[in-house]
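Note sheet for the following structure.
The values are calculated or read from the model by the stated rules, or taken from the named source; none is laboratory data. Since the model is a prediction, treat every value here as computed from it, not as a measurement. Using ideal geometry, Cβ is built from the backbone for each residue, glycine included, and neighbour counts are taken over all protein chains shown.
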Amino acid sequence: MFSRVRPARVAVVTDSTASVPPELVAEHQLTVVPLDVVIDGARHVEGEGDTARLLVEALEAGTSVTTSQPAPAAFARAYAQAARAGAREIVSVHLSSELSGTFRAAELAALGAPVPVHLVDSRSAGLGLGFAALAAAEAVRELPRRARSELAPGAIAAQRARDVAGTARVFFLVDSLDHLRRGGRLSAAAAALGTVLGMRPILTLREGRIEVHAKVRTRRAARERLVALAVEAAAGREWPRLAVHHLGQPELAAELAAEIAAGVGCEADEVLVSQVSAVIGAHAGPGLLTAVVTDR
């Protein structure tokens, strides 16, 4: 009789722009490689200390804020640590390559990794990316129960991440497009179009890039449109995943989440409320509110 072979262990790595709450990072055993925020010349590692609060204060004060992607060495360390912990494969799911060189840094590190690395360019950000990473981790847990497959376990989990990322709809509202324009994440023409006649722009991610999706006249109307877009994006999905991001506005985000839940017909706690990554916040600027919808 042949002995049963345990499936290969697969580690899931993502980056801090995924904005996955710490409790879910721990529950799903994600490895998160941080990006840096530089505030008035001082470097702060995403996820350490009080970076989010410092960022909000800096943005409100007009202090210089920049960001820095991880070096390939940071990913190399994460991959090596996962291999030492017993991983035989790694799924590495990251911020859209259209917005950052983070994916390229992971790609370079994967060339010298001690175990195979399955790279996933989410073409998304925030929990559009984060839900894809969580889906990969859930797929890893399900592997022992799956029928035998010719694909490597890591390839199966990576494809699950790609599938979920491909369903992501991300809509966000900011007070000003200046931060995105100055950071090169939005063209000057698009920024000008988004603010013409004092209209409030709602932005989205399309093909991994930031685009102006709609323009409305007031912030209240923009919030209502954000809710409507999330409800519309969730319609027809059997088990949608829903989230609201904020930057230092937890009460407002909770209100938005409750409105989305009412529109979708689910419980309020089924809409995940999460402070956005400080790196994303640095590029989006004050007043950021984001609605994210994906499949599970």
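Could you list, in sequence order, the residues of region 266-296 that are over 20 Å from LEU99 (Cβ atoms) and of a type in the set (A, V, I, L, M, F, W, C)?
CYS266, ALA268, VAL271, LEU272, VAL273
How do the pairs read when you match residues in region 230-255 that are touching a residue at least 24 places away in the same chain (Cβ under 8 Å) and assigned by TED's automatic domain parsing to the domain that holds ALA282 with residues anywhere that are of a type in the set (D, E, K, R) and not in a helix (DSSP H, G or I), using Cβ under 6 Å and keeping only pairs 6 or more apart or on different chains?
The qualifying pairs are ALA233/ARG169; ARG237/ASP295; TRP239/ARG296; ARG241/ARG296.
Looking at (1) under 28 Å from ARG53 (Cα atoms); (2) touching a helix residue (DSSP H, G or I) at 6+ places or on another chain (Cβ under 7 Å); (3) at pLDDT below 95, which is the only condition VAL216 fails?
If we test VAL216 against (1) under 28 Å from ARG53 (Cα atoms); (2) touching a helix residue (DSSP H, G or I) at 6+ places or on another chain (Cβ under 7 Å); (3) at pLDDT below 95, just (1) comes out false.
Quick check, is HIS118 crowded, with 19+ Cβ neighbours inside 10 Å, more than 15 Å from the chain's Cα centre (by Cα) and not aliphatic (A, V, I, L, M)?
Criteria met by HIS118.
Counting just the residues of region 69-102 that are closer than 22 Å to ILE280 by Cα and among the β-branched types (Val, Ile, Thr), which one comes out nearest to the chain's Cα centre (by Cα)?
Of everything passing the filter in region 69-102, VAL93 is nearest to the chain's Cα centre (by Cα).
Of the residues that sit in region 240-276 and are of a type in the set (Gly, Ala, Ser) and part of a loop (DSSP other than H, G, I, E, B), which one is surrounded by the most Cβ atoms within 10 Å (Cβ to Cβ)?
Filtering region 240-276 for residues that are of a type in the set (Gly, Ala, Ser) and part of a loop (DSSP other than H, G, I, E, B), the one surrounded by the most Cβ atoms within 10 Å (Cβ to Cβ) comes out as GLY248.
Show the residue pairs meeting these rules: Cβ distance below 8 Å; 6+ apart or different chains; first residue within region 44-67 and without any contact (Cβ under 8 Å) to a residue 60 or more places away in the chain; second residue hydroxyl-bearing (Ser, Thr, Tyr) and surrounded by 15 or more Cβ atoms within 10 Å (Cβ to Cβ).
Sorted first by the residue in region 44-67, then by its partner, the pairs are VAL45/THR51; GLY47/SER16.
Within the bounds of region 144-156, is there any residue that is buried (at least 24 other Cβ atoms within 10 Å of the Cβ) and more than 16 Å from THR294 (Cβ to Cβ)? So that I can check it myself, show each step before the final result.
To start, the set of residues in region 144-156 that are buried (at least 24 other Cβ atoms within 10 Å of the Cβ) comprises 154.
Of the ones still in play, those that are also more than 16 Å from THR294 (Cβ to Cβ) are 154.
Yes, the conditions are met somewhere in region 144-156.
Go through (1) crowded, with 20+ Cβ neighbours inside 10 Å; (2) within 20 Å of GLU107 (Cα to Cα) for VAL20 and report which single condition fails.
All conditions are met except number (2).
Please determine whether any residue of region 125-138 is surrounded by fewer than 24 Cβ atoms within 10 Å (Cβ to Cβ) and out of contact with any strand residue (DSSP E or B) (no Cβ under 6 Å at 6 or more places or on another chain).
Yes, because at least one residue in region 125-138 is surrounded by fewer than 24 Cβ atoms within 10 Å (Cβ to Cβ) and out of contact with any strand residue (DSSP E or B) (no Cβ under 6 Å at 6 or more places or on another chain).
Based on this model, can you work out whether LEU95 counts as surrounded by 18 or more Cβ atoms within 10 Å (Cβ to Cβ) and either at pLDDT 95 or above or among the hydroxyl-bearing types (Ser, Thr, Tyr) (or both)?
yes
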